1. Quick one: what pairs do we get from the stretch 7-25, first residue surrounded by 10 or more Cβ atoms within 10 Å (Cβ to Cβ) and of a type in the set (Val, Ile, Thr), second at pLDDT 95 or above and part of a loop (DSSP other than H, G, I, E, B), C-beta under 6 Å, 6+ apart or different chains?
2. What's the number of the only condition in (1) exposed (fewer than 14 other Cβ atoms within 10 Å of the Cβ); (2) free of Cβ contacts under 8 Å to residues at least 40 places away in the same chain; (3) within 14 Å of Tyr82 (Cβ to Cβ) that Ala31 fails to meet?
3. Name every residue in the stretch 34-55 that is farther than 18 Å from Asp18 by Cβ and either surrounded by 11 or more Cβ atoms within 10 Å (Cβ to Cβ) or of a type in the set (Phe, Trp, Tyr) (or both), in order of residue number.
4. How many residues, within the stretch 58-83, are under 15 Å from Leu26 (Cα atoms), hydroxyl-bearing (Ser, Thr, Tyr) and in contact (Cβ under 8 Å) with a residue 24 or more places away in the chain?
5. I need every pair where a residue in the stretch 37-50 that is closer than 14 Å to Tyr82 by Cα has its Cβ under 9 Å from the Cβ of a residue that is in a helix (DSSP H, G or I), sequence separation at least 6 or different chains.
6. What residue, among those in the stretch 1-21 that are modelled with pLDDT of 90 or more and in a loop (DSSP other than H, G, I, E, B), is nearest to Asp75 (Cα to Cα)?
7. Out of all the residues in the stretch 19-41, which are out of contact with any helix residue (DSSP H, G or I) (no Cβ under 7 Å at 6 or more places or on another chain), under 11 Å from Ile51 (Cα atoms) and not aliphatic (A, V, I, L, M)?
Amino acid sequence: MSTATASPPASVPAIASDQALQIARLDAERAYDDMARFRIQIALEKDGWHIDYYLKNPNVNGGGPQYLINAMTGDIISKKYYQ
């Protein structure tokens, strides 16, 4: 009997949404002081986790960071900061 564990199917991300959110938040907190002013949108697409931070107050200029996180490794593939 084999003791090797099976890898998850390609359609199942190794990185869960809460893990992806934590990765993005830790990075974003270095560039933005107050993350409470943002609402978060997350979506799993073919190329990974898309995490976008939007200002809660639409009357304020600027915006929040946007991330693309690898769903299998948790690496940040790309990020953009808007201030």
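The values are calculated or read from the model by the stated rules, or taken from the named source; none is laboratory data. These numbers were taken from a predicted model, which means no experiment stands behind them. Because the Cβ atoms are built from the backbone with ideal geometry, glycine has one as well, and the counts that use them run over all protein chains shown.
1. Close Cβ pairs (under 6 Å, with a partner that is at pLDDT 95 or above and part of a loop (DSSP other than H, G, I, E, B)) amount to Ile15/Ala71; Ile15/Gly74; Ile23/Gly74.
2. Just one mismatch for Ala31, condition (2).
3. Arg37, Asp47, Tyr54, Leu55
4. 2
5. Close Cβ pairs satisfying both conditions: Phe38/Ala28.
6. My answer is Ile15.
7. Gln22, Arg39, Gln41
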